[in-house]
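The values are calculated or read from the model by the stated rules, or taken from the named source; none is laboratory data. All values reported here derive from a predicted model rather than from experimental measurement. Cβ sites come from the backbone with ideal geometry, for glycine too, and all protein chains shown count toward neighbours. Side chains included, ligands, DNA and RNA excluded: accessible areas come from the protein's heavy atoms. Shrake-Rupley method; radii C 1.70, N 1.55, O 1.52, S 1.80 Å.
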Amino acid sequence: MKKAEIVEARKPLKLSEAAVPKAPKDGAVVKLLYSGICHSDIHQIDNGFDVGGRFTCLTDNPLYQFPIVPGHEMAGVVHSLGSNAGSAEVKVGDRVAVFPWIGCNKCGYCNNGYTQFCKEKHHTMGFGAVPGGYSNYTTVVHHKFLVKVPASMPLSIATMLPCSGITTYNAVTTALPAIQKATTFKGKASMLIIGAGGLGLWALQIAKSVLPTTTNIVVADISEGKLGNAKDRGADATVAWEPSKSEEQIIKDTSQLGNDDGYDAIIDFVNTGVTSTRAFECLNTDGLQVCVGLFGGAASFPLPVVALSEKGMKGVYVGRLQQLKDLFALVEKNKLTPPPLVYYKLEEINSALDLLRVGKINGRGIIKHEGANEDA
Ligand SMILES: [Zn+2]
Ligand SMILES: [Zn+2]
């Protein structure tokens, strides 16, 4: 099999041949057919990110060392099961997606289904010690982290659900109570989605499925092309955050498209100092700002305004295994349309990452492995 590894920070990934792995006793080996390319893979290649004036270096953690096979959006067929996995819900040959946010399986977070908050981050697939999806085959430590893919759903869509899908599902459901409350109080609520890339387009689809149907959903982005995708997928309005406009003008133009000159919930998939400040300014009284993006930086907010208007802020980081199962059911039931997909061979991964780095993939980049024939 082929795999692509980060061997050195900020350098192209190295492609090499390797033996197909053996299944661990409780787990499985999955022959991957599609693997998503996520922006957080770039943070790994860069070996960290800007956390507001300083750089967090990932390999400062002794358990997080190169070489790393990145990739945490994985779908394919079960190739083999371990000796203790005979009772698994999945069988060899089943079409599955992999839940990558695996923890120690012992702590309070793991025992309550919040494995993404486990302090032992090095169990997560595609980060640090556990190889991920930039490989033709992958090893999953326990069969419970495999989710069966409905027969009518292409694996090219299923592969996106464990990261971009689950993150946006978590973000929208986190915003849901604020939208429901505003709908009760005012008859109609409004949501702003910042960023019309892969995550923003999923969020738009999911928001239209789970929020009250009266909700006014507006999408902001700097790219007119990406805003066109949002319009095609049912955004009530879009707003171009053109770099030539003043901050004051951008905030005014954006607020006017909301209800009560603002938004009851805002999901920020960019989440820089600039975008989060704009979001805060556009947030209604009692509104909720959901921070998702990892583009980096810092922001400051006028604290009396936070108190007086009871504006809230909540971070969202990927999601739980149960949320992934719920999301599969939702995507299947409502036939949600994925973002535009752009396919690459594993051998083309370095040029795909170069394009992703400069925001030049219009939609979601996906590795299409040998034998894959389920393009959406
Ligand atoms: Zn991701
Ligand atoms: Zn744990």
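Some notes on this structure:
- Calculated FRET efficiency for the pair Q256/T213, C-beta based, R₀ 35 Å, to 0.05: 0.95
- Karplus-derived HN-Hα couplings along the stretch 181-196 (A = 6.51, B = -1.76, C = 1.60, θ = phi - 60°), whole Hz, x at Gly and Pro: 5, 5, 5, 5, 6, 10, x, 7, 10, 9, 10, 10, 10, 9, x, 10
- Taken along the Cα-to-beta-carbon direction at a fixed 7 Å, the label points for K186 and D50 span 3.3 nm.
- Residue pairs exceeding 32 angstrom between C-alpha atoms, taken from K106/K333; K245/K368; K91/K231; K245/K360; K144/K333; K252/K325: K106/K333; K245/K368; K91/K231; K252/K325.
- Charge dipole of the stretch 167-315 (Cα centre as origin; +1 on each Lys and Arg Cβ, -1 on each Asp and Glu Cβ, all else neutral): 380 debye, rounded to the nearest 20.
- Length-normalised contact order of the stretch 154-267 in % [C-alpha pairs under 8 Å, at least 6 apart]: 30 percent
- For V147, the accessible surface of its heavy atoms amounts to roughly 10 Å² (probe 1.4 Å, protein chains only, rounded to the nearest 10).
- Efficiency of FRET from Cβ geometry, D354 and K231, R₀ 25 Å, rounded to 0.05: 0.35
- Of the accessible area of the stretch 167-315, computed with a 1.4 Å probe over protein heavy atoms only, carbon and sulfur atoms account for 55 percent.
- Length available on full extension from A240 to L15: 0.36 nm per residue minus the Cα-Cα distance, which gives 77.1 nm.
- Whether the chain is rounded, prolate or oblate, judged on the alpha carbon gyration tensor where a/c under 1.5 counts as rounded: prolate
- Cα shape, the stretch 167-315, gyration tensor, a/c 1.5 rule: rounded
- Atom-type composition of the exposed protein surface of the stretch 55-106 places 54 percent of the accessible area on carbon and sulfur (1.4 angstrom probe).
- Estimated FRET transfer efficiency when R0 is 30 angstrom, pair E347-Q249 (beta carbons, to 0.05): 0.10
- A simple count of charges around S209, restricted to other residues whose Cβ falls under 11 Å of its Cβ and scoring Lys, Arg +1 and Asp, Glu -1, yields +3.
- Accessible area per residue, Å², the stretch 167-315 with all protein chains present, probe 1.4 Å: 41 Å²
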